[in-house]
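Input: a single structure, listed below in structure tokens.
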Amino acid sequence: MANIENGRQSLDTRSIRTVSSSHMDDESSFGSDSEINGFTSERQTDKYGFIGGAQQYSEMSAQDVPIQVIRQRELKWIDMLSHWDKWMIKRYNKVRLRSWLYLSGGKVKREQNQGKFQELDTQDGDPKWVDVIEKDLHRQFPFHEMFVSRGGHGQQDLFRVLKAYTLYRPEEGYCQAQAPIAAVLLMHMPAEDAFWGLVQICEKYLPGYYSPGLEAIQLDGEILFALLRRVSPIAYRHLEKHKMDPILYMTEWFMCAFSRTLPWASVLRVWDMFLCDGVKIIFRVGLVLLKSMLGTREKVKSYQGQYETMELLRAIEPRYMQEGFLVREILEVPVTARDVEREHHSQLKRWRKKRGELNFKSPPRMHGARMIMMTEPPRRQDLQQNPTIVLEVPAQIKKDKKSKRKSIKKTTTIGEIPNPYP
């Protein structure tokens, strides 16, 4: 269960200990830290980089998606990255990895703020946030090869990204739930890109989630509960009967975008859809899990009490979290962005009536990549892909190439070559 720590939501890390890290440098996050920490041939990682398949990965779940489907997805992603502005006009469902930066608007944000991350990276952070961030580094995916080493490349870059955000938004500072979000981004992109991806998620997709008081997440908890009434009346009545405040079971789900809850294959697919279509996907995942675990009379009969229900929602059955089942169910949930906004206005009125105005006024929520692109139209150069590796060609080689081109142009036309096979 989540608890409050320093005015912020503290995430239950189960048995993971916190150790402060004091050695930070500017190394890249790419590569494995497992060898630095002694994990070589003795520990095998799964295809996502988790040692021993720690994130609920199994060969059986890996076989759910045929290899042909995976290849088709990759070809689509490559085509999207090459023709991004054209793809944004169309309707799309899923993309992955580098495309996340394009979908979130982080690529445009980075291009329009050249040098900003480097500027923040060189500054000293606020000591109160630096201390908390350092304590949280070892809690983020400790069985992933990128973060397994204390003070390794992954943890160094995670520190840089989180510290930079506290300088970029000092009025918000740092919230513990930002760390897993940044860690997931770092698994797929360099530190600077991960920083701008985090900025977009915090400001466009989940505004106010990580602000003091956590008012936005409490408000979304009430929205989730109201939507549940329509999607699964049985689950709704059960939670209402036992006075289960949504903040008890949905805080970690929503604030971490299910990155600490689902098997990794499912996390990636949920993030694909989340960055495409916005927060309605997070609501749909929560509704699917609640309906699957408490959606029938037979199921709720076995959990007569708040404690029993809470334990049930902490240990969701694996079959309900598998990629194939979960994605299919998400697409079937009849909840749109308009439904979320309508319920948001309704719950905001109730909030003001009971508690007054919100202490922290967050910017309006952007429902997906298309809306972000419409509100902040990119320039053509903002969408161009920049090479990650640049090779300096010696001047002599360039000169030789130019002279060779000139000699080719001056050569006479080659006459007709006789047929060697008359």
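The values are calculated or read from the model by the stated rules, or taken from the named source; none is laboratory data. All of these numbers come straight from a predicted model, not from anything done at the bench. We place every Cβ from the backbone using ideal geometry, glycine too, and count neighbours over all the protein chains shown. When the accessible area is computed, the model is the full protein with side chains, heavy atoms only, and any ligands, DNA or RNA have been set aside. Shrake-Rupley method; radii C 1.70, N 1.55, O 1.52, S 1.80 Å.
Return one whole number: the accessible area per residue of segment 91-222 in Å², for a 1.4 Å probe.
29 Å²
What ³J(HN,Hα) values, in whole Hz, does the Karplus curve 6.51 cos²θ - 1.76 cosθ + 1.60 give for segment 315-323 when θ = phi - 60°, with x put for Gly and Pro?
With the stated coefficients, segment 315-323 comes to 10, 5, 4, x, 5, 7, 9, 5, 3 Hz.
Roughly speaking, to the nearest percent, how much of segment 249-312's 1.4 Å accessible area is carbon and sulfur?
46 percent
Taking amide H atoms as placed 1.01 Å from N in the peptide plane, list the residues 5 or more away in sequence, or in a different chain, whose amide H sits under 5 Å from that of T45.
When sequence neighbours closer than 5 places are left aside, the close amide H contacts are G52.
With unit charges on the beta carbon (Lys/Arg positive, Asp/Glu negative), name the residue among L289, L248, V270 whose Cα is farthest towards the positive pole of the charge dipole of segment 248-308.
Among L289, L248, V270, the one farthest towards the positive end of the dipole of segment 248-308 is L289.
Arranged from highest to lowest average of other beta-carbon atoms within 10 Å per residue, in what order do the peptides 107-118, 150-161, 308-319, 246-257 appear?
Sorting 107-118, 150-161, 308-319, 246-257 by mean packing, highest first, produces 150-161, 246-257, 107-118, 308-319.
Hey, what do the phi angles of segment 265-277 turn into as Karplus ³J(HN,Hα) couplings, whole Hz, using 6.51/-1.76/1.60 and θ = phi - 60°, x for Gly and Pro?
So the Karplus estimates, Gly and Pro as x, are 4, 6, 4, 5, 5, 5, 5, 3, 6, 4, 6, 6, 10 Hz.
Per residue, how many Å² of accessible area does segment 275-332 show with a 1.4 Å probe?
45 Å²
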